[in-house]
DNA sequence: GTGTCTGCAAACCATTTGCATCGGT
DNA sequence: ACCGATGCAAATGGTTTGCAGACAC
């Protein structure tokens with residue numbers, strides 16, 4: 001979550017951040033593009049990708065480390081787990097996080113300097129099973 | 001891990017499975033392609049992808065649900081966690097698995113029918129930090 | 001005014017797929 | 001002989017990038 005350089009406040013950036021924080025789903029870049037387009041019809045997909053990347057680097061949003069073909073983004077930067085539906089791909093939150101010293105255990109076992117971790121459950125959501 | 005239909009025993013399949021079980025790294029499809037090519041120079045990348053997919057469906061190998069741009073495969077089907085280097089992308093094993101009733105907890109909280117889970121730690125490996 | 005950001009389009013890269021042929025059973 | 005599996009090449013789909021003009025500071 002190391003805060004990077006200061007970003008300029010552009011309409012595009014504001015709208016993307018706002019839309020992302022507004023929803024409880026975990027939209028893909030393309031979904032965010034569709035959402036933002038309703039307010040900024042001329043925004044481009046490239047801008048969406050660039051901003052999501054920059055905002056994630058700055059710790060303003062989270063880029064999810066989940067499976068599936070597309071990356072997903074989360075306006076909630078607090079550590080939490082996710083459940084992903086193997087059929088429809090939706091991702092939901094889960095109020096569960098590993099014990100704080102799990103990362104310490106991982107460091108001891110592997111020699112890695114651990115930055116973060118993620119727990120992902122996979123299964124079928126109520127609508128799909 | 002629901003075992004699918006029976007697969008024919010082809011040279012390509014045997015070599016891929018053998019190579020994957022031989023290593024402790026978690027190769028990408030392309031890495032496996034390079035490894036297999038030393039023994040089967042005419043094997044195609046499409047065949048590699050098709051077989052990895054089929055063998056994963058049959059529970060013979062594991063397709064890892066980790067971050068990064070490329071999918072990775074694991075010859076070890078026992079449940080375990082992974083550590084991924086944010087710089088070089090290598091993935092190592094971690095002898096750590098969640099409490100058995102974590103999945104039950106996830107089911108209660110979300111209503112999903114949980115099939116599996118994965119824990120991924122991210123950081124910098126000894127060579128990269 | 002300067003340096004960042006944007007829209008657009010082309011480029012990229014991992015993965016998938018169609019098809020004619022090959023080979024395991 | 002049948003039908004799944006293969007090699008090849010083209011197609012796909014998500015993401016990235018180069019560039020010229022626009023905009024935040």
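All of the numbers you see were taken from the coordinates with simple rules; none came from a lab. Source: prediction; values computed, not measured. FYI the Cβ positions are ideal-geometry reconstructions off the backbone, even for glycines, and counts take in every protein chain you see.
Binning all Cα-Cα separations of the stretch B:79-129 at 5 Å, short to long from zero, yields these whole-percent fractions: 5, 20, 22, 15, 14, 11, 9, 4, 0. Residues B:96, A:54, ranked from the fewest to the most other C-beta atoms within 10 Å, line up as A:54, B:96.
For the peptide B:53-66, the mean number of other protein chain Cβ atoms found within 10 angstrom of a residue's Cβ is 1. For chain A, modelled as a GNM whose springs connect Cα atoms under 10 angstrom apart, the maximal fluctuation among A:114, A:61, A:43 occurs at A:114. Using only Cα atoms, tell me the angle between helix B:45-57 and the longest principal axis of chain B; keep it within 0 to 90° and round to the nearest 10. So the inclination is approximately 40 degrees. Across peptide A:81-90, the average count of Cβ atoms from other chains found within 10 Å of a residue's Cβ is 3. The ranking of B:92, B:101 by Cβ neighbour count inside 10 Å, starting from the fewest, reads B:101, B:92.
What number in nm² do you get for the protein assembly as shown if you take the convex hull of its Cα atoms and divide its surface by four? Over every viewing direction, the Cα hull of the protein assembly as shown projects on average to 15.9 nm². Legend: mean number of C-beta atoms from other chains within 10 angstrom of residue C-beta atoms, peptide A:122-128, equals 5.
Hey, what's the Cα Rg ratio for the stretch B:19-76 versus the globular rule of thumb, 2.2 N^0.38 Å?
In units of the 2.2 N^0.38 Å rule of thumb, it is 1.05.
Calculated FRET efficiency, residue B:70 to residue A:80, Cβ-Cβ distance, R0 = 41 Å: about 0.95 to the nearest 0.05.
Of all chain A C-beta atoms, the nearest to the rotation axis linking A with B is recorded, alongside its rounded Å distance, as A:119, 3. Of B:103, B:65, B:19, the residue with the greatest mean-square motion in the GNM of chain B, using alpha carbon springs below 10 Å, is B:103. In this simple spin-label approximation, residue B:101 and residue A:39 carry label points 7 Å from Cα along the Cα→Cβ vector, and these lie 4.4 nm apart. Using the Stokes-Einstein relation with a Kirkwood hydrodynamic radius computed over Cα pairs, the translational diffusion coefficient of chain B at 37 °C and a viscosity of 0.692 mPa s comes to 204 µm²/s. Remark: relative contact order (the stretch B:79-129) = 48 percent; criterion is Cα-Cα distance under 8 angstrom and separation of 6 or more residues.
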